[in-house]
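In what follows, a structure is listed as structure tokens, so that the remarks can point back to it.
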Amino acid sequence: MQAPPAPLLLVLDGNSLLHRAYHAASTEPLWDPAGRPVWALKGLVSYIARAAAHLRPDAVMVGFDCPDHSARKADYPEYKAHRAEKPVDLASQIVDAPQLLQATGICTVVPPSYEADDVLASGAEHARRHGWRSVLMTSDRDAFALIDQSTSVLRVRNGGFDEAVLVDPAGLADLCGVEPWQYRDFAALRGDPSDNLRGVHHFGSTTAARLLAAFGSVEAAFAAIDRGDGQTVRDVVGERATEQLGTPAMRENVARNRRIMRMRTDLPLPELDTARLPLDLAHMRRVLSARGINLGPSLWAITGGAPPPSRDQRHQDTRPWMVRPRRRGRYDPIPGQLTLF
């Protein structure tokens with residue numbers, strides 16, 4: 001008899017998903033009885049509910065960025081320094097989100113000095129250490145570095161949940177041309193303009209993937225250049241990219257990016273049993289209704305209910321999609337939880 005699958009922890013990037021919900025084209029502004037904006041909050045709860053309905057997790061945890069201090073900005077003051085101030089109605093919902101989710105009973109983590117990304121990384125490690133599997137839900141590609149045989153990433157893209165893809169190790173190789181353990185080098189070479197992290201000149205995704213396919217790591221490519229095997233690197237990425245890779249300034253960019261992109265896996269987190277589902281439906285609805293958020297049947301997977309027949313039929317073969325290897329540009333639907341790993 002086949003052993004049952006290990007329990008599943010769903011960890012969500014609260015800041016990332018709030019931004020997605022705030023800017024969603026289909027979202028209409030919504031205010032609570034006190035006149036406070038709540039449409040991004042409603043979208044965040046809907047993301048949690050829809051992900052739970054598709055993945056059927058045993059526990060849910062939501063992480064948020066620390067609002068008061070950033071260890072990464074302390075290390076590199078230019079980190080995210082180019083970003084414009086958030087709209088007031090978005091900023092207020094980001095402030096309100098952790099308290100609202102905690103009030104509903106959803107396990108919520110706001111780590112001092114660190115970010116939701118670090119909660120994802122620590123959550124994945126926490127689950128692995130206890131023999132659980134995990135799915136990390138975010139719109140941030142940096143989470144791809146956390147993928148392994150027990151951890152997948154549910155990435156939300158433009159278009160919301162209906163365009164989300166579930167990426168496992170084979171799927172990442174198909175999407176990016178690298179293995180999960182290479183992803184931080186891949187991102188460090190390419191850079192991340194959204195975080196104000198400059199990469200190496202003449203290195204885009206394709207060039208970075210070619211270099212890592214040939215050398216395994218950026219350190220191995222540096223070593224080849226330093227011992228005079230620059231021609232070998234040139235054969236892989238070309239003359240101009242090799243020249244840039246050999247400069248002290250570009251090597252410093254890579255070292256800085258790798259340092260800033262490294263996610264903490266050792267944050268103190270609540271015990272998994274405190275994040276377990278189901279939650280109390282009546283209580284959740286009261287808390288949400290007090291903020292002008294009216295959700296009912298969509299919360300069934302969080303609160304231990306049965307799926308509405310019409311909803312189950314309508315979505316049984318729809319997204320999120322599992323990225324499969326050797327089928328670039330095509331996605332296979334997830335037929336059920338057992339196919340996640």
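How big is the Cα convex hull of the chain in projection, averaged over all directions, in nm²?
Value for the chain: 19.0 nm².
Using a 1.4 angstrom probe on the protein heavy atoms only, could you order TRP132, TRP181 from most to least accessible area?
Correct descending sequence by accessible area is TRP181, TRP132.
Please enumerate, by chain and number, the lysines with C-alpha under 29 Å from the C-alpha of LYS42, excluding those fewer than 8 residues away in the same chain.
Within the straight-line limit of under 29 Å, LYS42 reaches these lysines: LYS80, LYS86.
Can you give the FRET efficiency to the nearest 0.05 for GLU239 and ALA214, using r as the Cβ-Cβ distance and R₀ = 22 Å?
The value I calculate is 0.90.
At what distance in nm do the modelled label points of ALA306 and VAL95 sit from each other, each positioned 7 Å from its Cα along Cα→Cβ?
4.5 nm
At each listed q (0.13 Å⁻¹), what is the log10 of I(q)/I(0) that the Debye formula gives for the range 162-255 modelled as equal alpha-carbon point scatterers?
-0.43
For ILE225, ILE260, give the ranking by accessible area with the largest first, probe 1.4 Å.
Ranked from most to least accessible, the order is ILE225, ILE260.
For ARG72, what accessible area in Å² do you get when you roll a 1.4 Å probe over the heavy atoms of the protein chains, rounding to the nearest 10?
Rounded to the nearest 10, the figure is 20 Å².
Could you pull the Rg and Dmax for the range 72-137, using just the Cα atoms, both in Å?
Values for the range 72-137 (Cα only, Rg and Dmax): 15.0, 42 Å.
For SER134, SER113, give the ranking by accessible area with the largest first, probe 1.4 Å.
Result of the area sort, largest leading: SER113, SER134.
How far is it, in nm, from the label point at THR265 to the one at HIS201 when both lie 7 Å from their Cα along the line to the Cβ?
Here the modelled spin labels are 3.6 nm apart.
If you average the C-alpha positions of the range 107-160 and of the range 1-47 separately, how far apart do those two centres end up, in angstrom?
15 Å
Could you give the length gained by full extension between ASP229 and LYS80, i.e. 0.36 nm per residue of separation minus their alpha carbon distance, to one decimal place?
Gain on stretching ASP229 to LYS80: 50.0 nm.
Hey, what number do you get for the chain at 222 nm if only DSSP H runs of n ≥ 4 count, each worth -39500 (n - 2.57), divided across all residues, to the nearest 500?
Counting only the DSSP helices, I get -13000 deg cm²/dmol.
Test of understanding: express the Cα radius of gyration of the range 174-317 as a ratio to 2.2 N^0.38 Å, with N the residue count.
In units of the 2.2 N^0.38 Å rule of thumb, it is 1.65.
For the chain, with only Lys/Arg (+1) and Asp/Glu (-1) charged at the beta-carbon, what is the dipole magnitude about the Cα centre, in debye rounded to 20?
Around 580 debye, computed over the chain.
Modelled label-to-label distance, SER150 and ARG258, 7 Å Cα→beta-carbon offset: nm?
The two pseudo-label positions are separated by 2.6 nm.
Write down, largest first, the equivalent ellipsoid semi-axes of the range 136-215 in whole Å, where each equals the square root of 5 times an eigenvalue of the alpha-carbon gyration tensor.
Working through the eigenvalues yields semi-axes of 21, 16, 10 Å.
The values are calculated or read from the model by the stated rules, or taken from the named source; none is laboratory data. What you are looking at is a predicted structure, and each value in this text was computed from that prediction instead of being measured. Note that each Cβ is placed from the backbone with ideal geometry, even for glycine, and that neighbours are counted across all protein chains shown. Side chains are part of the model used for accessible areas, which takes the heavy atoms of the whole protein and leaves out ligands, DNA and RNA. Shrake-Rupley method; radii C 1.70, N 1.55, O 1.52, S 1.80 Å.
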